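Below is one structure, written out as structure tokens, with a few remarks after it.
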Amino acid sequence: MSKRSVEAVIAPPPPHMVGDGFRVHNFFPGTKQIGKTRMSPFFMLDYGSKIEFSPKEEPRGVGVHPHAGFETVTIAYHGKVAHHDSAGNSGVIGEGDVQWMTAGAGLLHKEYHEKEFSKKGGAFQMVQLWVNLPAKDKKTNPKYQEITNAMMSRYILPDEKGFVEVIAGGYKGVKGPASTFTPIEMYNARIKKDAMLTFSFPGTYNTGLLVIEGNIKVNNINAHADHFVLLKNDGEEFTISATEDSIVLILAGDPINEPIVAYGPFVMNTWEEIEQAVEDVNAGKFGVLEE
Ligand code: MN
């Protein structure tokens, strides 16, 4: 097993608002270190670092918008998000839960702070990933995987040093509940100070970590909360050691080596497909959803 080294530790880029409910740092595709393909099959990472929202009667969020050609994966660390879509689906993503939404052929949805959370206000911390789909699956029917925290399999570290929640893929024989179109590994390591973990993914897998809380060393490179660590594709194995109690999101996946044409909420292979998606939305083919 050869060692995989750190390529970059990326500080959180200046945040921007998505609607009035999501203050996010875009680690990719918007940074110079990570463009549209460097983390493929992950196309986008918006990170809502922890902030306090004041109580508000009318929930903050983002109104009706389409998606097509990929999947959105929303991970809630603090706060709750409610969603509604044009097929009549709705649900709440609670603290510690993951919503894996396959937009595929296309849908309209809206995402808001959950009503009761909004009324009370409080800490809010989220990740939204866009996971690309290969050409052959871009037109798949929309679907949801509501992965509650209780559904996640856990690898328990010895000596009460914490655990690894497996969302997708498998860690040390513990398999995650998410079904994916291409090979993807996605875990939350919730570990105590001095815990050490080893990870090993095929060298071709694009691999990165987001430090959600605490402070870690990746091999021997320091990474603080809210930083993204991009690993090289020069080997398989790397280690994480916690210098504080920490939460780390680990991402790895087999790259989709196909052309990417992205425009707003669409991720396709060609411009013709983008134009088609825009036409389809305007023609009402993604359904209807009230604001
Ligand atoms: Mn959305």
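Here are the numbers for the structure shown:
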item: Spatially proximal lysines relative to K143 (Cα-Cα < 17 Å; intrachain offsets below 8 disregarded); result: K110, K285
item: Whole-Hz couplings from phi, Karplus 6.51/-1.76/1.60, listed for the stretch 112-118; x for Gly and Pro; result: 9, 4, 5, 3, 5, 4, 4
item: Heavy atoms of F163: accessible area, 1.4 Å probe, square angstrom to 10; result: 60
item: Partners for K217 among lysines (Cα-Cα distance below 29 Å; same-chain residues under 8 apart left out); result: K3, K32, K36, K50, K161, K172, K175, K192, K193, K232
item: Structure-based [θ]222 nm, the chain - -39500 (n - 2.57) summed over DSSP H runs of at least 4, per residue, nearest 500; result: -1500 deg cm²/dmol
item: Protection proxy ranking, peptides 202-212, 227-237, average beta carbon neighbours within 10 Å, highest first; result: 202-212, 227-237
item: Under-5 Å amide H pairs with E213, H placed in peptide plane, nonlocal only; result: D226, I247
item: Rounded Å value of the spacing that divides the Cα centres of the stretch 19-54 and the stretch 165-194; result: 20
item: Local net charge near H84, Cβ-Cβ under 11 Å (Lys/Arg +1, Asp/Glu -1); result: -3
item: Area accessible to solvent at W100, 1.4 Å probe radius, in Å²; result: 0
item: Accessible surface of the stretch 83-213, 1.4 Å probe, proportion on carbon and sulfur as whole %; result: 52
item: Folded to 0 to 90 degrees: helix 271-282 orientation relative to the chain principal axis, Cα; result: 50
item: Stretchable slack from S90 to M151, in nm (0.36 nm times residue separation minus alpha-carbon distance); result: 20.1 nm
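The values are calculated or read from the model by the stated rules, or taken from the named source; none is laboratory data. The structure displayed is predicted, hence computed values, not measured ones. Every residue, glycine as well, gets a Cβ built from its backbone with ideal geometry; the counts of neighbours run over all protein chains shown. Side chains are part of the model used for accessible areas, which takes the heavy atoms of the whole protein and leaves out ligands, DNA and RNA. Shrake-Rupley method; radii C 1.70, N 1.55, O 1.52, S 1.80 Å.
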